[in-house]
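Take a look at the structure set out below.
The values are calculated or read from the model by the stated rules, or taken from the named source; none is laboratory data. Since the model is a prediction, treat every value here as computed from it, not as a measurement. In this analysis, Cβ positions are derived from the backbone assuming ideal geometry, glycine residues included, and neighbour counts consider all displayed protein chains.
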Amino acid sequence: MLSVRAALAGCGRRALSTSTIYEGYGQNLFKGAVADKYLKAQGLSAATLDDYTWTSKHADKVAAAVSEWAAERGASSYCHWFQPIGSSGVRHGLTGQVQNMMLHFAADGTPKWDFKGKDMLKGETDGSSYPNGGLRATHTAGGYLTIDPTSPISLRGDTIFIPSCFISYYGHALDEKTPLLRSSEAMSREGTRLLKLLGYNVAGIQSNIGLEQEFFLIPRDAYSKRLDLMLAGRTVLGRNSPRGQEMCDHYMAPLSLAQPAIDAIKDMQKEALKMGIPLRTRHREVAPNQYEMAPLFGSVTTQIDQNVWAMQIIEEMAAANGLAALLQEKPFNDINGSGKHNNWSIGTTCGTNLLNVGQIAKASGSTDIFPVIMAAIVSAVDKHGDLMRSAIASPGNDFRLGACEAPPAIISTYLGEDLTKYFEAYTAGSSDAYKPATKQLSLGAAVLPTLEVPAEDRNRTSPFPYGGHRFEFRAVGSSQNVSMVNTVLQTICADAFKGFADAIEAGAKPHAVASAALKAHWKVIFNGNNYDPANQAMLTERGVWRIDSGVDSICRLTDAKNVKLFKDMGVMTEVELQARQAVGLSHYAGTVEIEAKCMIDMLNQQIIPAVADAGVGSVGELKAVVASIEAGLSSIHHAADDVAKANAARALRLETMVDGRKVVDDVEGLVPASKWPVATYTELLFLDQTNGSASEELIEHS
Ligand code: ADP
Ligand code: MG
């Protein structure tokens, strides 16, 4: 494989020094100038790491450099750091690791610093105790860890973290990362082949992503009084605060009003920057006490690893500042939940963005490439919208999708009027190049300069809008590890690129291939308001993929069309897909069971005694709610198989528990505030307006 550095050398681009931008930036990431210093001492350089064959050629020397760096920064342990199947960010579930000291002990017990190439390249662990969907069992538990050289080693505290893949004794992927890397290779292979047929030779292509991470920050003492938040990350009951987001006064509001949240966010940025995670954007989001951070985009594996780190850092720095971070999709009723927009583009390894019409034309000298690539993506979305939906089927997302805060579970794409018109002409035979129009906006006051803006508006209701230089998968959930999301995007594109390349190789003209694909898949393009029920009905009628239930969408993984797709692209075998489906279903049912049990305990142990004590009646009604949830739990336990269990769980959560909470929330309105035993929505959501102190007073009341 050609090294990234070698590829960059031919691109006429210069690496910028980061050291002047932020003191200490990336000191805890073994990469670039930081790594170079230690690698030079071994006769290597940072460029060694860009050619991934270093793992077979220079492992001992790289390990020696890594140990020197680690020792100088006070680290003495290492681990293979991996992402088990189905890992999500609700309660620390994202990564696996066993930390070992970088020491060996001599026969007389003397410790000796010892960290070799073999220690770094490979590890072994029990594969049966992580979610494995039947790929491992207690008596057949072998699991192996192997370094992922595409993502740099990082350091935190006294430990270095080696990004790793996790596979079974038989080579089945037990993690999120292995299929992602396979899909990266498939997309690069087929994309490079297609570009070559279009007259543009590139060393490889890759996905670049930027993940906008949304989350809530709430007072930790109030959080600690809520069993549901502590154990499930979501409030299963709680009467609305008199104030919600009626005034639209939270989005992008001053952060300075949000002490101590802003202190926590600054700490998050500081911690992240040390590890070379460029979290550059911070702002308040639509709901009270909701925030967003976004990094500068970069290559898909590194970004995912860094997002996984960012989620952990967000939780830790929140706690350090007396707050609790909620990463779950829908922690509160009737206010917005949290997403994680997966901004995605495809670039050459030289950094030319294939989705940027001007850039690709300039780099390749051809204006024919952009429409072909776009047509391939449009066709992929139409064919495999079910898989895109499946990739975002986290339980929390079932509350969010289609609730007018996130797109509906109907997978269409927005191209914008300008580009859509261009493709209309293109499919009618025009071979003109696409020139994105702009328009001039006069602000009506002579002192203000005229503004040039794109001809395209923004469509925030679309699950997958094109935004000029990137698609933005907006329906992704906040708690997700987005590996599967990007595995799907890359696999469906690889398949579309292959289809196009095969046709062109067989003699078809690229324009004809792209036109035919656009015509066949035109129905998936929708520029209107996706929140409008009439449009949703129209799209459903048109046959655009619509899967409302998270459980149904998880089950699409083993559909024959999709088994064939993943097999053909070399991304996952049928057994690996079955395992992911099993993990998805049991994760779904398990999430609901935890939430239901929290609700029962909160009712029996806190709310019913408090209501009885307050003497406001209603105890019988509350007991009936408990009974209905218990019946729902029993139906999960007695369901015949995984699918039936997950469906029973979905009904319990979206019907029984929703009905039950209405009863409880009404009762909350009758009980004196001083007697209500759990933190209220006002206490949880309005910390910012009170600078923390009034919240504490309110909490003391309760
Ligand atoms: P917005 O809210 O307008 O979508 P943000 O600035 O909050 O924008 O986040 C946009 C994210 O998209 C950032 O992480 C940014 O780095 C990323 N991004 C920008 N351009 C690209 C691109 N070409 N490919 C992938 N990601 C991109
Ligand atoms: Mg944003």
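See the values below:
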{"item": "Filtered residues of segment 94-149 (kept if buried (at least 16 other Cβ atoms within 10 Å of the Cβ), assigned to a loop (DSSP other than H, G, I, E, B) and in contact with a Cys (Cβ under 6 Å, 6 or more places away or on another chain))", "result": "Gln97, Asp148"}
{"item": "Some residue of segment 337-351 being under 14 Å from the mean Cα position of the chain (by Cα), within 15 Å of ligand 2 (Cβ to nearest atom) and hydroxyl-bearing (Ser, Thr, Tyr)", "result": "yes"}
{"item": "Leu227 in the same structural domain as Pro84 (by TED's automatic domain parsing), surrounded by fewer than 24 Cβ atoms within 10 Å (Cβ to Cβ), aliphatic (A, V, I, L, M) and at pLDDT 95 or above", "result": "no"}
{"item": "Test: residue in segment 506-523 that is over 20 Å from Ile377 (Cβ atoms) and either in the same structural domain as Phe370 (by TED's automatic domain parsing) or at pLDDT below 95 (or both)", "result": "yes"}
{"item": "For Tyr251: the one exception among (1) part of a loop (DSSP other than H, G, I, E, B); (2) crowded, with 19+ Cβ neighbours inside 10 Å", "result": "(2)"}
{"item": "Inter-residue pairs, beta-carbon under 9 Å, first closer than 14 Å to Phe473 by Cα and in contact (Cβ under 8 Å) with a residue 12 or more places away in the chain and in segment 339-363, second β-branched (Val, Ile, Thr) and within 8 Å of ligand 1 (Cβ to nearest atom), 6+ apart", "result": "Asn342/Ile209; Asn343/Ile209; Trp344/Ile209; Ser345/Ile209"}
{"item": "Hits in segment 338-351 (condition: within 11 Å of ligand 1 (Cβ to nearest atom) and within 11 Å of Val202 (Cα to Cα))", "result": "Gly347, Gly351"}
{"item": "All helices (runs of 4 or more DSSP H) inside segment 1-54 with 2 or more residues being modelled with pLDDT of 95 or more", "result": "32-40, 47-50"}
{"item": "Which listed residue is in a loop (DSSP other than H, G, I, E, B) and on the phi < 0 side of the Ramachandran plot, from Ala65, Ala71, Ala75", "result": "Ala75"}
{"item": "Selected residue [surrounded by fewer than 24 Cβ atoms within 10 Å (Cβ to Cβ) and either more than 16 Å from ligand 2 (Cβ to nearest atom) or of a type in the set (Val, Ile, Thr) (or both)] from Ala455, Ala496", "result": "Ala455"}
{"item": "Tyr200 vs. criteria assigned to a loop (DSSP other than H, G, I, E, B), farther than 27 Å from Met317 by Cα and touching a helix residue (DSSP H, G or I) at 6+ places or on another chain (Cβ under 8 Å)", "result": "yes"}
{"item": "Condition broken by Ile262, with the remaining ones in (1) within 15 Å of ligand 1 (Cβ to nearest atom); (2) in contact with a Leu (Cβ under 7 Å, 6 or more places away or on another chain); (3) free of Cβ contacts under 8 Å to residues at least 40 places away in the same chain satisfied", "result": "(1)"}
{"item": "Subset of segment 281-309 (residues that are outside any helix (DSSP H, G or I), more than 15 Å from ligand 2 (Cβ to nearest atom) and surrounded by 22 or more Cβ atoms within 10 Å (Cβ to Cβ))", "result": "Pro288, Asn289"}
{"item": "Only listed residue being in contact (Cβ under 8 Å) with a residue 12 or more places away in the chain, within 12 Å of ligand 1 (Cβ to nearest atom), of a type outside the set (A, V, I, L, M, F, W, C) and not assigned by TED's automatic domain parsing to the domain that holds Gly157, chosen from Gln290, Gln312, Gln306", "result": "Gln306"}
{"item": "Qualifying residue in segment 264-277 (condition: within 16 Å of ligand 2 (Cβ to nearest atom) and either among the hydrophobic types (A, V, I, L, M, F, W, C) or assigned by TED's automatic domain parsing to the domain that holds Glu472 (or both))", "result": "yes"}
{"item": "Answer residue from segment 402-435, given it is among the acidic types (Asp, Glu) and in contact with a strand residue (DSSP E or B) (Cβ under 9 Å, 6 or more places away or on another chain) and is farthest from Asp386 (Cα to Cα) among those", "result": "Asp418"}
{"item": "Odd one out for Ile335 among (1) touching a residue at least 60 places away in the same chain (Cβ under 8 Å); (2) more than 20 Å from Met657 (Cβ to Cβ); (3) among the β-branched types (Val, Ile, Thr)", "result": "(2)"}
{"item": "The one condition in (1) part of a helix (DSSP H, G or I); (2) away from ligand 1 (no atom under 15 Å from the Cβ); (3) touching a residue at least 24 places away in the same chain (Cβ under 8 Å); (4) under 30 Å from Phe82 (Cβ atoms) that Lys270 fails to fulfil", "result": "(3)"}
